[in-house]
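The values are calculated or read from the model by the stated rules, or taken from the named source; none is laboratory data. Just so we're clear, the structure is a prediction, and the values are computed from it rather than from any experiment. Virtual Cβ from ideal backbone geometry, glycine too; neighbours counted across all protein chains shown. Accessible surface areas use protein heavy atoms only, side chains included; no ligands, DNA or RNA. Shrake-Rupley method; radii C 1.70, N 1.55, O 1.52, S 1.80 Å.
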Amino acid sequence: MEKTAHIDLGAAAERVARLAADIGDERLGDPTPCPDYAVRELLAHLAGLSVAFRDAARKDFGPTTNTPPGSALPVLEDDWRTALPKALDELAAAWREPGAWEGDTRAGGVDLPASVMGRIALDELVIHGWDLARATGREYEVGDEELAACEELLTPSDDSSGDEGFFGPVVPVPEDAPRLDRVIGLSGRDPGWRPA
């Protein structure tokens, strides 16, 4: 997966920050398309991945980049309303630095080319932004360049086992469905998911 183009993560980060800013405390226990996460865990996961991928861009290796996602649910910190937008801003800024996309880097204890890791960071923001929007009943629009990058990352390669995508089993979506729905299906989610 040889990627060289730099992608600005700013729009995706701002979109997540806007969605998070409007969430009242009464919504924190609501279900999300991530079966193990309520809204609070999804927000905590977004905060953690923002820091991890920021540090991956900076090649600042340590606990934030070396630790694989654990089996324990992420815990939402009390200061999340200020910490999450700050981490999202720093994430986008870190990936704007040209050196961020060069060489190899690490996140979640995995070493990959930085050009691939930057696209994974974008994908995390786009997909989990959709999770957050869907869980809280908001509209969600993503730019075509972002969707194209996510679709390319998530599409199973010819040598992979049929329905196994980058992050798990692909959910079939009609070819004529909107591109966002196709990307969501490639991420292993049902684009028709709604809270019960």
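Residues to consider are T65, T105; find the one that is outside any helix (DSSP H, G or I), among the β-branched types (V, I, T) and open to solvent by less than 20 Å² (accessible area, probe 1.4 Å).
On the way: T65 fails: outside any helix (DSSP H, G or I).
T105 is the lone residue from the list that is outside any helix (DSSP H, G or I), among the β-branched types (V, I, T) and open to solvent by less than 20 Å² (accessible area, probe 1.4 Å).
Going by what's in this entry, would E90 be described as at pLDDT 95 or above, touching a helix residue (DSSP H, G or I) at 6+ places or on another chain (Cβ under 6 Å) and within 16 Å of L42 (Cα to Cα)?
Spelling it out, it is not the case that E90 is at pLDDT 95 or above, touching a helix residue (DSSP H, G or I) at 6+ places or on another chain (Cβ under 6 Å) and within 16 Å of L42 (Cα to Cα).
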Residue within segment 126-134 that is in contact with a strand residue (DSSP E or B) (Cβ under 6 Å, 6 or more places away or on another chain) and open to solvent by less than 30 Å² (accessible area, probe 1.4 Å) present: no
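Please state which one of A121, A83, A87, A94 is hydrophobic (A, V, I, L, M, F, W, C), in a helix (DSSP H, G or I), over 24 Å from V39 (Cα atoms) and open to solvent by less than 50 Å² (accessible area, probe 1.4 Å). It would help to see each step written out before you state the result.
On the way: A121 fails: over 24 Å from V39 (Cα atoms); A83 fails: over 24 Å from V39 (Cα atoms); A87 fails: over 24 Å from V39 (Cα atoms).
Of the residues listed, the single one that is hydrophobic (A, V, I, L, M, F, W, C), in a helix (DSSP H, G or I), over 24 Å from V39 (Cα atoms) and open to solvent by less than 50 Å² (accessible area, probe 1.4 Å) is A94.
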Count of residues meeting criterion [part of a helix (DSSP H, G or I), open to solvent by less than 40 Å² (accessible area, probe 1.4 Å) and out of contact with any His (no Cβ under 9 Å at 6 or more places or on another chain)] in segment 24-47: 5
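For segment 76-83, state whether one or more residues are of a type in the set (V, I, T), touching a residue at least 12 places away in the same chain (Cβ under 8 Å) and more than 21 Å from E102 (Cα to Cα). Outline the logic, then answer.
Narrowing segment 76-83 to residues of a type in the set (V, I, T): 82.
Next, from what is left, pick out any that are touching a residue at least 12 places away in the same chain (Cβ under 8 Å): none.
Scanning segment 76-83 turns up no residue that is of a type in the set (V, I, T), touching a residue at least 12 places away in the same chain (Cβ under 8 Å) and more than 21 Å from E102 (Cα to Cα).
Considering each of D176, D131 in turn, give the residue that is in a helix (DSSP H, G or I) and acidic (D, E). Walk me through how you get there before you give the answer.
Working: D176 fails: in a helix (DSSP H, G or I).
One residue alone meets the criteria, D131.
Would you say E146 is acidic (D, E), in contact (Cβ under 8 Å) with a residue 12 or more places away in the chain, touching a Phe, Trp or Tyr at 6+ places or on another chain (Cβ under 8 Å) and buried (at least 18 other Cβ atoms within 10 Å of the Cβ)? First the steps, then the outcome.
On the way: acidic (D, E): yes; in contact (Cβ under 8 Å) with a residue 12 or more places away in the chain: yes; touching a Phe, Trp or Tyr at 6+ places or on another chain (Cβ under 8 Å): no; buried (at least 18 other Cβ atoms within 10 Å of the Cβ): yes.
Answer is no for this residue.
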